[in-house]
Amino acid sequence: MESVVWQGLALSGIFSWIVITCYFDVTKKIRSLLQPWVSHHVVSGTYIILKIQKHQHKFLDALFSGLSCIVSVPFYTAFLPLLFWSGHGKLARQMTLLMALCDYLGNCIKDVVSAPRPNCPPVRRITATKDEEENALEYGLPSSHTLNTVCLSGFLVCYVLSYTQSEDAFVKLGAVTLACLLVGFIGFGRIYLGMHSLIDIIGGLVFGFMILAIWLSVHEYVDAFIVSGQNVTSFWAALSFLLLFAYPTPEFPTPSFEYHTAFDGVVFGIECIFDELLPLKLISNIECVVFGIVTGIQQTYHQFHHEAVPRIFTSQLTIPTFLGRMLVGIPTILIVKFCSKALAKWILPVVSNTLGIPIKSTSYVPMLIGSATDKKSSEIKQSSYIHKMLFFSQQDLFDVDTGIRFLQYAGLAWSVVDLVPSLFSHLRL
């Protein structure tokens, strides 16, 4: 009963915050205070970037571009699944949740402040990958790469030291030193690549340490709730829905909203594996897709992810066996990701039109791109009861690409924690 009460209070608090921020236009008020100050420091800090870039070299370009991939999409789709398959399910759960928290809060701050990145030119901006090109379209403060690296490396050090129960001061000092060096290289690299100013890096450090401190104080309670709590699936579904609307409106549109929505999909898919009492009361076809994904994995905690599963570097899970898991698992999740996207591209427009939800597509659905579709959607909007219910949304059209990303990554998460471990069991890996 106590769990249900705090869940209700949490969701009510977020809903109240959404209403208050919309009614009093809180985002614009905060932006008017912070944006001029941050923008001034971005402009005045340009000379620091130019000084650093005087020492440009192809090796440094490649080094810092490679390091920037540590907390990008390849990180999501490679590192976190490997943690689940290595037997360290608790670490994988908590790292996934922490990444989601960093991703959401970091992008919220970016879009609230809406401070620019360094001007290019005179700054030389290096975007070696498509992800970096999209990152350059976001606002600057704080540096997400710096913030994420502080939180993830800091938490990983704490977990490893706790797991090994090492009391050796040199081991602890060495682990902390390595984490600090990684954070330093990432922060310096973001300046060298022309992606951030010094003020952005400082902001990433400050917010990163704040989030890490909060997470270290609550992560055990969060994990206990996920593993054995009540209404985990329904609570997370409601939380994800509210957080979509709690996300602040930037001064100008950026990719940040779609990014945090996509990762919310990953976390939603992973969290639902631990709820064994999922009530299957489906309201719409979209919910059928989401809950259809999670119903196949809701029983897998005791089967694949409990604390007694074989762990890497032991006789039960040797290096060759783990390499075999990688060869089977990575292609499988990529196939599922592709199929989930194809399914979502087909079903979401149909469901949205059936429910009278006005939609558009930026790139995924060609038939929804263009002025004719926008006009048609605007006509639908006038009679849409669902759209009227969402009084706090200032969108004229909902971008269906956001929903496609959500289901695509939720499908990926399901494959990581259910489909792939099932394959391992059948193949005796």
Lone unmet requirement of (1) assigned to a helix (DSSP H, G or I); (2) touching a residue at least 12 places away in the same chain (Cβ under 8 Å); (3) more than 25 Å from Lys54 (Cα to Cα); (4) not small (Gly, Ala, Ser) for Phe79: (2)
Qualifying residue in segment 196-203 (condition: surrounded by fewer than 21 Cβ atoms within 10 Å (Cβ to Cβ) and under 21 Å from the mean Cα position of the chain (by Cα)): no
Qualifying residues in segment 84-99 (those that are closer than 17 Å to Cys151 by Cα and surrounded by fewer than 22 Cβ atoms within 10 Å (Cβ to Cβ)) - the one modelled with the highest pLDDT: Leu91
Residue match in segment 321-328 (condition: open to solvent by 20 Å² or more (accessible area, probe 1.4 Å) and either part of a loop (DSSP other than H, G, I, E, B) or closer than 27 Å to Val400 by Cα (or both)): no
Those residues of segment 127-156 which are open to solvent by 50 Å² or more (accessible area, probe 1.4 Å) and either at positive phi or hydrophobic (A, V, I, L, M, F, W, C) (or both), in sequence order: Ala128, Leu137, Leu156
Qualifying residue in segment 131-142 (condition: at pLDDT 85 or above and over 14 Å from Gln35 (Cα atoms)): no
Any hit, segment 110-126, residues being among the aliphatic types (A, V, I, L, M), open to solvent by 10 Å² or more (accessible area, probe 1.4 Å) and in a helix (DSSP H, G or I): yes
Condition met for Asp223 (open to solvent by less than 30 Å² (accessible area, probe 1.4 Å), in contact with a Pro (Cβ under 8 Å, 6 or more places away or on another chain) and assigned to a helix (DSSP H, G or I)): no
Failed item in (1) in a loop (DSSP other than H, G, I, E, B); (2) open to solvent by less than 30 Å² (accessible area, probe 1.4 Å), with Glu167 passing the rest: (2)
Check on Val309, surrounded by 15 or more Cβ atoms within 10 Å (Cβ to Cβ), in a loop (DSSP other than H, G, I, E, B) and modelled with pLDDT of 75 or more: yes
Matching option when the condition is part of a loop (DSSP other than H, G, I, E, B), modelled with pLDDT of 75 or more, closer than 30 Å to Pro320 by Cβ and out of contact with any Pro (no Cβ under 9 Å at 6 or more places or on another chain), among Leu429, Leu419, Leu423: Leu429
Residue pairs meeting the criteria (Cβ under 8 Å; at least 6 apart or on separate chains; first under 16 Å from Val112 (Cα atoms) and touching a residue at least 12 places away in the same chain (Cβ under 8 Å), in segment 31-52; second β-branched (Val, Ile, Thr) and open to solvent by 20 Å² or more (accessible area, probe 1.4 Å)): Arg31/Val112; Leu34/Val112; Val38/Ile199
Residue that is of a type outside the set (A, V, I, L, M), out of contact with any strand residue (DSSP E or B) (no Cβ under 9 Å at 6 or more places or on another chain), in a helix (DSSP H, G or I) and touching a residue at least 40 places away in the same chain (Cβ under 8 Å), where the choices are Phe64, Phe59: Phe64
Val157 touching a helix residue (DSSP H, G or I) at 6+ places or on another chain (Cβ under 7 Å) and in contact (Cβ under 8 Å) with a residue 40 or more places away in the chain: no
Which listed residue is part of a helix (DSSP H, G or I), modelled with pLDDT under 90 and surrounded by 13 or more Cβ atoms within 10 Å (Cβ to Cβ), from Phe235, Phe207, Phe185: Phe235
Val4 out of contact with any helix residue (DSSP H, G or I) (no Cβ under 8 Å at 6 or more places or on another chain), open to solvent by 40 Å² or more (accessible area, probe 1.4 Å) and either modelled with pLDDT under 85 or closer than 23 Å to Pro122 by Cβ (or both): yes
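The values are calculated or read from the model by the stated rules, or taken from the named source; none is laboratory data. This structure is a prediction, so every number in the text was calculated from the model and none was measured. Neighbour counts are summed over all protein chains in view; Cβ atoms, including those assigned to glycine, are modelled from backbone coordinates with ideal geometry. Quick note on the areas: whole protein, heavy atoms, side chains included, nothing else; ligands and nucleic acids left out. Shrake-Rupley method; radii C 1.70, N 1.55, O 1.52, S 1.80 Å.
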